[in-house]
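The values are calculated or read from the model by the stated rules, or taken from the named source; none is laboratory data. Keep in mind it's a predicted model, so treat the numbers as computed, not measured. Quick reminder, even Gly has a Cβ in these numbers, built from the backbone with ideal geometry, and neighbours come from all protein chains shown.
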Amino acid sequence: MPIADRKKVRSAINRIGWAIIKARAAVDDMETVQVLYVAANPDPVGTALEGNEAAVATRIAALRAEVDRPFWDILIAAIDPSHRGEAL
């Protein structure tokens, strides 16, 4: 593989890997908010959550299932912190 291609592949791996790490952190935050929201038991009438609380919970669970797939661990493990990631 030419060096230029190798750099592009390395950039893609790093950028995707770091994005999944951020996505996992974002889902962690969503789950925390959901737990706090359920514990507070507020009245969502007149807000975007009115009638959508179950849908939000379902989608957070779907996001968790996606970001926790073992496939993403392969890319995360392949992150090379010494690579600048500027080829893409």
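Per-structure values
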| quantity | calculated |
| --- | --- |
| Conditions (1) surrounded by 10 or more Cβ atoms within 10 Å (Cβ to Cβ); (2) in contact (Cβ under 8 Å) with a residue 40 or more places away in the chain: number failed by ALA4 | (1) |
| Test result for LEU49, aliphatic (A, V, I, L, M), surrounded by 12 or more Cβ atoms within 10 Å (Cβ to Cβ), in a loop (DSSP other than H, G, I, E, B) and modelled with pLDDT of 95 or more | yes |
| Those residues of the stretch 65-86 which are surrounded by 13 or more Cβ atoms within 10 Å (Cβ to Cβ), free of Cβ contacts under 8 Å to residues at least 60 places away in the same chain and of a type in the set (Val, Ile, Thr), in sequence order | VAL67, ILE76 |
| Looking only at the stretch 7-22, and only at residues there that are buried (at least 17 other Cβ atoms within 10 Å of the Cβ) and small (Gly, Ala, Ser), the one that is farthest from the chain's Cα centre (by Cα) | SER11 |
| Boolean, ALA4 is at pLDDT 95 or above and assigned to a helix (DSSP H, G or I) | no |
